[in-house]
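Peer 1: One structure coming up, written as structure tokens, with questions to follow.
The values are calculated or read from the model by the stated rules, or taken from the named source; none is laboratory data. Only a predicted model underlies this, so the values are computations on that prediction, with no experimental measurement involved. Reconstructed Cβ throughout: ideal geometry from the backbone, glycine too, with neighbour counts over all protein chains shown.
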Amino acid sequence: MASAAWRSSRGWPPVDEAAILVAVSLVAVAAATGLIASWWWRPGHPAVSVVRFDAAQGIVLFTSTECSKCRRARQVAEQTGAPIREITYELEPGTFTAAGVEAVPLTIVIGRDGGVVAQFSGVPTRRALKRAVSASGAAP
């Protein structure tokens, strides 16, 4: 039967295998927590300027043709029933530049006064987008 402790050739004190297992587990949990935290609390997209293009009340969706998350964002936006203006990078790159859009999908909810009510980087949740649309007055 193997000994639960071993002594190094340098004369260091014995090390318990359970202590090593606990230490390795703690390091693994700390690394996983860091990865999750960096994903969860990632910074959002910088505010965009909607003044430079015609943005009516409703949803403005910045997308790209090869973006799978953009398709999901469009589906979520369509479920709100609000008017949607989709701006695709491949068709309107100048609008992306003028608005300061850096990543897609980017969903912006415009209010009655033409101001930004909410901005979502990535695929918004249906609940959050519906709340923003209701706050904007664009809900049917």
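Peer 1: Considering (1) modelled with pLDDT of 85 or more; (2) in a loop (DSSP other than H, G, I, E, B); (3) under 19 Å from Ala132 (Cβ atoms), say which one Arg72 fails and leave the rest.
Peer 2: Evaluating Arg72 over (1) modelled with pLDDT of 85 or more; (2) in a loop (DSSP other than H, G, I, E, B); (3) under 19 Å from Ala132 (Cβ atoms) leaves (2) as the failure.
Peer 1: Moving to a separate point now. Within the stretch 55-69, which residues are within 15 Å of Ser134 (Cα to Cα) and touching a helix residue (DSSP H, G or I) at 6+ places or on another chain (Cβ under 7 Å)?
Peer 2: Scanning the stretch 55-69 gives Gln57, Ile59.
Peer 1: Quick check on Ala82: is it of a type outside the set (D, E, K, R) and under 19 Å from the mean Cα position of the chain (by Cα)?
Peer 2: No: the conditions fail for Ala82.
Peer 1: So, one more: For residues that are aliphatic (A, V, I, L, M) and free of Cβ contacts under 8 Å to residues at least 12 places away in the same chain, scanning just the stretch 82-140, find the one that is nearest to Arg72 (Cα to Cα).
Peer 2: By that ranking, first place goes to Ala128.
Peer 1: Out of Ile87, Ile59, which single residue is in a strand (DSSP E or B), touching a Phe, Trp or Tyr at 6+ places or on another chain (Cβ under 7 Å) and at pLDDT 85 or above?
Peer 2: Testing whether each residue is in a strand (DSSP E or B), touching a Phe, Trp or Tyr at 6+ places or on another chain (Cβ under 7 Å) and at pLDDT 85 or above leaves just Ile87.
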